[in-house]
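I have placed the structure first, in the form of structure tokens, so that the comments after it can refer back to it.
Coordinate-derived values only; no laboratory data. These numbers were taken from a predicted model, which means no experiment stands behind them. Please note: Cβ atoms are built from the backbone with ideal geometry, for glycine as well, and neighbour counts cover all protein chains shown.
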Amino acid sequence: MVVKVLGTGCKKCVTTYNNVKVALEELGIEAEVVKVEDLPSIMSYGVMSTPGLVVDERVVFMGKVPSVGEIKKVLVV
């Protein structure tokens, strides 16, 4: 599993990254977590409002900071 956090490094993006790490740890899931910070790459996912969250190349959140619980729900689907 590859989880990408899309954002330019703002506080909301950092919080999203940290929430992803916590969710993965709590679920006991091994995954590669990647920060994507360059705008052309972010826009290539159709994300115009950050932070964005992509799981295995599927955009699951954009424009909000998902909670650990919300992230857990999309990781176990």
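Worth pointing out:
- Enumeration of residues in the stretch 1-30 that are free of Cβ contacts under 8 Å to residues at least 40 places away in the same chain and not aromatic (Phe, Trp, Tyr): Gly9, Lys11, Cys13, Val14, Asn18, Lys21, Glu25, Gly28, Glu30
- Filter result (more than 19 Å from Thr8 (Cβ to Cβ) and outside any loop (DSSP other than H, G, I, E, B)) within the stretch 30-59: Glu32, Val55, Arg58
- Verdict on Pro51 being surrounded by fewer than 11 Cβ atoms within 10 Å (Cβ to Cβ) and either at negative phi or not β-branched (Val, Ile, Thr) (or both): no
- Residue check, Lys4 of a type in the set (Lys, Arg), surrounded by 20 or more Cβ atoms within 10 Å (Cβ to Cβ) and out of contact with any His (no Cβ under 6 Å at 6 or more places or on another chain): yes
- Residues that are among the polar types (S, T, N, Q) and under 13 Å from Lys72 (Cα atoms) within the stretch 19-61 comprise just one, Asn19.
- Residues in the stretch 60-77 that are of a type in the set (A, V, I, L, M) and in a loop (DSSP other than H, G, I, E, B): Val65, Val76, Val77.
- Selection of first residues in the stretch 58-73 that are more than 20 Å from Gly46 (Cβ to Cβ) and of second residues that are polar (S, T, N, Q), restricted to Cβ pairs under 8 Å at least 6 apart or on distinct chains, gives the following pairs, ordered by first then second residue: Ser67/Asn19; Val68/Asn19.
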